[in-house]
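Here is the structure we will look at.
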Amino acid sequence: MKILHEVLNDEIRKRIEDEIINIRRDIHEYPELGFNEVRTASIVVEKLKELGIEVHSNIAKTGVVGLLKGKHQGKTILLRADMDALAMEELNDIPYKSKNEGIMHGCGHDAHTAWLLGAAMVLAKFKDELYGNVKFLFQPAEET
């Protein structure tokens, strides 16, 4: 597979980048504790389905697994992100500050989830060139 800068034009790269940022900020603003990532999981499910990726949800309560099937036979790899937040008050003064009192993404799982969705966005564009499959695991309750 060619380097992304060679195969994705600036407009597509910028659109994916902006979407990743927006998803991350949305998840950051509405953090959820382990096994309660209902809203986050629904964002993940909706995006994976939009990309044409097979979705399995409600795994270990709120976990999600997406399966991107490549056009050619090959192995399956798994990429993983965690979705849960921490039970602590956010003190940051940012426009997308946590709106859920006493809960915040202080560990970066909002970014992990957004990045993995970004990887799914990119890889879905190349499914006809893929040998094998890619599983995307969005894990609930990693902090516990």
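Details
- Filter pass, Glu89 being of a type in the set (Asp, Glu) and out of contact with any Asp or Glu (no Cβ under 8 Å at 6 or more places or on another chain): no
- Members of the stretch 1-44 found to be outside any helix (DSSP H, G or I), modelled with pLDDT of 95 or more and hydrophobic (A, V, I, L, M, F, W, C), listed by number: Leu33, Phe35
- Enumeration of residues in the stretch 87-131 that are touching a helix residue (DSSP H, G or I) at 6+ places or on another chain (Cβ under 7 Å) and among the acidic types (Asp, Glu): Asp110
- For the stretch 40-63, the criterion of being of a type in the set (A, V, I, L, M, F, W, C), within 16 Å of Ala141 (Cβ to Cβ) and touching a helix residue (DSSP H, G or I) at 6+ places or on another chain (Cβ under 6 Å) is met by no residue.
- Test: residue in the stretch 45-68 that is of a type in the set (S, T, N, Q), free of Cβ contacts under 8 Å to residues at least 40 places away in the same chain and touching a Gly at 6+ places or on another chain (Cβ under 8 Å): yes
- Residue among Asp93, Asp84, Asp110 that is over 28 Å from Glu11 (Cβ atoms) and touching a residue at least 24 places away in the same chain (Cβ under 8 Å): Asp84
- The set of residues from the stretch 49-76 being among the polar types (S, T, N, Q), open to solvent by 60 Å² or more (accessible area, probe 1.4 Å) and closer than 22 Å to Val38 by Cα comprises just one member, Asn58.
- The residue that is least open to solvent (accessible area, probe 1.4 Å), among those in the stretch 5-41 that are within 17 Å of Thr62 (Cβ to Cβ) and of a type in the set (S, T, N, Q), is Thr40.
- Checking each residue in the stretch 86-114 for being within 17 Å of Ala41 (Cα to Cα) and touching a Lys or Arg at 6+ places or on another chain (Cβ under 8 Å) picks out Asp110, Ala111, Thr113, Ala114.
- For Leu91, the requirement of being open to solvent by 40 Å² or more (accessible area, probe 1.4 Å) and either among the acidic types (Asp, Glu) or in a loop (DSSP other than H, G, I, E, B) (or both) is met.
- Scanning the stretch 103-144 for residues that are surrounded by 17 or more Cβ atoms within 10 Å (Cβ to Cβ) and at positive phi returns a single hit, Ala141.
The values are calculated or read from the model by the stated rules, or taken from the named source; none is laboratory data. Remember, predicted model here, so these are calculated numbers, not experimental data. Note that we place each Cβ from the backbone using ideal geometry, even for glycine, and neighbour counts take in every protein chain shown. Just the protein is used for accessible areas: all its heavy atoms, side chains included, with ligands, DNA and RNA removed. Shrake-Rupley method; radii C 1.70, N 1.55, O 1.52, S 1.80 Å.
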